[in-house]
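Let me begin by presenting the structure, written as C-alpha cells, before commenting on it.
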Amino acid sequence: MASVKWGGVQYQGVAPPKDRKVRVGARLGRAREPACSDTVPAPPPQPDAFRRIRRIKGVPPAIAVLDVRRGLVYAAEGYFMALPSHPLHRLYGPRSFFPSGFGIRTCGARRPVQGRVTSTFGSIRLVDDRGRARAITVGPHTHFRGFLRNGLPFLQPGDRVRLTVKQCALRQGGPILVARGVAPR
C-alpha cells in the first residue's frame, strides 16, 4: 500500500473512483514516501522518494491530499471515510464501504468490546482487554462520542476505547465486527 508522510501526518494511498473526478486544488509541496522494505526477499536498500502533492478542493489537507501524477488520493490515518461527515465520503460513495454483493446480510446482538487502539486506517484495529487482536469495521452508521480532531471523529494508536459492536455476516466472505458506537474508556 502506498503511503506518504507530510507535515507530521501519515497518509495512506487510495485509488479514486473511476467514475468521479477529484477536484484538484493548490500545490502543497512534497511528501516523503518511504522506500519499500516489507517484501520478501527484502529489496536492496533504496532512498525514500518524494511525491508532489496538492490540495483536494473542499478537503482540509490535514485530512487528505492528492498526488496528481500517480492519480492517488492520500487519506490521513485516524479518520474514517465510511462516515458521512468525512469530506471524501461523497466522492467514494456509500457503496465503496459495503459494495453490492458484499453487503451485510445479518447481524447479531450488540456487545461491548474494550481495548487499546493499535492502528486506524479504514477500520479500528485494537488489542482487547483479554489480549486478543481485533479488527472492527467502521461503517456509515457508526456513532463516535468524543475523539474529535479537525471537527471529525479521529482515533490514534494508544487510545483506550469502549465500543459497542455487532458481529455481522456478509453476503460474500466471513463474519466481521461492525462498530455501532465508539467512546473513550
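The values are calculated or read from the model by the stated rules, or taken from the named source; none is laboratory data. Please read all numbers here as calculations on a predicted model, not as lab measurements. So basically every Cβ, Gly included, is an ideal-geometry build from the backbone, and we count neighbours across all protein chains shown. Areas reflect the complete protein model, heavy atoms only, side chains present, ligands, DNA and RNA absent. Shrake-Rupley method; radii C 1.70, N 1.55, O 1.52, S 1.80 Å.
A few points about this structure:
- Distance in nm between pseudo-label sites at D19 and L170 (7 Å out along the Cβ direction from Cα): 2.0
- ³J(HN,Hα), Karplus 6.51/-1.76/1.60, whole Hz, each residue of the stretch 125-141, x for Gly, Pro: 9, 8, 10, 7, 5, 9, x, 8, 6, 10, 10, 10, 6, 9, x, x, 9
- For the stretch 70-76, backbone phi angles converted through the Karplus equation (6.51, -1.76, 1.60; θ = phi - 60°) give residue-by-residue couplings of 8, x, 10, 8, 10, 9, 5 Hz, Gly and Pro being listed as x.
- Based on protein heavy atoms only, the stretch 40-95 ends up with 55 Å² per residue of surface accessible to a 1.4 Å probe.
- Structure-based [θ]222 nm, the chain - -39500 (n - 2.57) summed over DSSP H runs of at least 4, per residue, nearest 500: -500 deg cm²/dmol
- Reachable aspartates and glutamates from K21, criterion Cα separation under 17 angstrom, eight or more residues apart if same chain: D67
- Listed peptides 144-150, 72-78, 19-25 by packing density, highest first (mean Cβ within 10 Å): 72-78, 144-150, 19-25
- The lysines whose alpha-carbon is closer than 30 Å to the alpha-carbon of K18, local same-chain residues fewer than 8 away aside, are K5, K57.
- Evaluated at q = 0.12, 0.27, 0.30 Å⁻¹: base-10 log I(q)/I(0), Debye formula over Cα of the stretch 112-175: -0.31, -1.37, -1.54
- A Gaussian network model of the chain, with springs between Cα atoms under 10 Å, assigns the largest mean-square fluctuation among P87, P44, P34 to P44.
- Carbon/sulfur fraction of accessible area - the chain, other protein chains in place, 1.4 Å, %: 51
- Per-selection Rg to Rh, the stretch 79-185 - Cα, Kirkwood hydrodynamic radius: 0.95
- Note on R32 and A2: their simple-model spin labels are 1.9 nm apart, each label 7 Å out from Cα toward Cβ.
- The label-point distance for D128 and R185, in a model that sets each label 7 Å from Cα toward Cβ, rounds to 1.1 nm.
- Rg and Dmax [Cα atoms of the chain; Å; Rg one decimal, Dmax integer]: 17.4, 50
- Each Lys and Arg adds +1 at its Cβ and each Asp and Glu adds -1 at its Cβ; summed about the Cα centre, the chain shows a dipole of about 520 debye.
- Nearest-10 value in Å² for the accessible area of T106, using the 1.4 Å probe: 80
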